[in-house]
Amino acid sequence: MNIIKTATFLKSVSDFTGYKGFNVPEIIIVGRSNVGKSSIINMLANNKKLAKVSATQGKTKLANFFMFNNEFVLVDLPGYGYAEAGKSEQNRWKNMMDGYFKVSKNLKMAILLVDIRHKPTEQDIEMLEYFVFNGIAVTVVATKYDKIKRSEKMQKLSCIANTFNMGTGNIVLTSSESSFGKQELIDRIYQFI
């Protein structure tokens, strides 16, 4: 079984000019604002304070890098789709994401987070299509599993699967509150690094 023993914050950047990487595999975490990226990082790290969690949408404006087990880096990119962010701010986020994809030489996998309570948006679909088109391995993770009734599980999971045109078995269900799905996600990461 793969176990996370160490996790440390490395640095934050506002753009990728001169980015060289860390000479280890990189895994990016992307998703809409407030989908739970920081909470997932903290769950994987067994450290509730590693990544700053905020109830305010659009809080993460920088790309944040975290080293896990001295074996791989998780790259937390700013959330997309925050309606209150101005056009210039949304463009800045898009440019940051594009900048990372252009310069990263160690990207092994993307983790695309979606909130299980909501149907994936057009931006979620575009993000998945981007990864598929560019040959980047992607794992879809449905967050906030603890926020729905057990009786809603299959309906919500099927909605995500149908929207993304994939099988339900390709989606990892998670709850950062209970660490549900944590081991499955860790194992998926280790398949690609």
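Overview of results
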{"quantity": "Those residues of segment 37-58 which are modelled with pLDDT under 90 and at positive phi, in sequence order", "calculated": "Gly58"}
{"quantity": "Count of residues meeting criterion [surrounded by 14 or more Cβ atoms within 10 Å (Cβ to Cβ) and either in contact (Cβ under 8 Å) with a residue 60 or more places away in the chain or in contact with a His (Cβ under 8 Å, 6 or more places away or on another chain) (or both)] in segment 164-181", "calculated": "2"}
{"quantity": "Lys61 at pLDDT below 85, surrounded by 13 or more Cβ atoms within 10 Å (Cβ to Cβ) and either more than 14 Å from the chain's Cα centre (by Cα) or assigned to a loop (DSSP other than H, G, I, E, B) (or both)", "calculated": "yes"}
{"quantity": "Considering residues of segment 108-122 that are free of Cβ contacts under 8 Å to residues at least 60 places away in the same chain and in a loop (DSSP other than H, G, I, E, B) only, the residue surrounded by the fewest Cβ atoms within 10 Å (Cβ to Cβ)", "calculated": "Lys119"}
{"quantity": "Candidates Ser158, Ser178 - the one that is assigned to a helix (DSSP H, G or I) and over 14 Å from the mean Cα position of the chain (by Cα)", "calculated": "Ser158"}
{"quantity": "Failed item, numbered, when Ile3 is tested on (1) touching a residue at least 24 places away in the same chain (Cβ under 8 Å); (2) under 26 Å from Asp124 (Cβ atoms); (3) aliphatic (A, V, I, L, M)", "calculated": "(2)"}
{"quantity": "Where Val103 falls short, out of the listed (1) within 30 Å of Met67 (Cβ to Cβ); (2) modelled with pLDDT of 90 or more; (3) surrounded by 12 or more Cβ atoms within 10 Å (Cβ to Cβ)", "calculated": "(2)"}
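The values are calculated or read from the model by the stated rules, or taken from the named source; none is laboratory data. This one's a predicted model, so the numbers in the text were calculated from it and none came from an experiment. Virtual Cβ from ideal backbone geometry, glycine too; neighbours counted across all protein chains shown.
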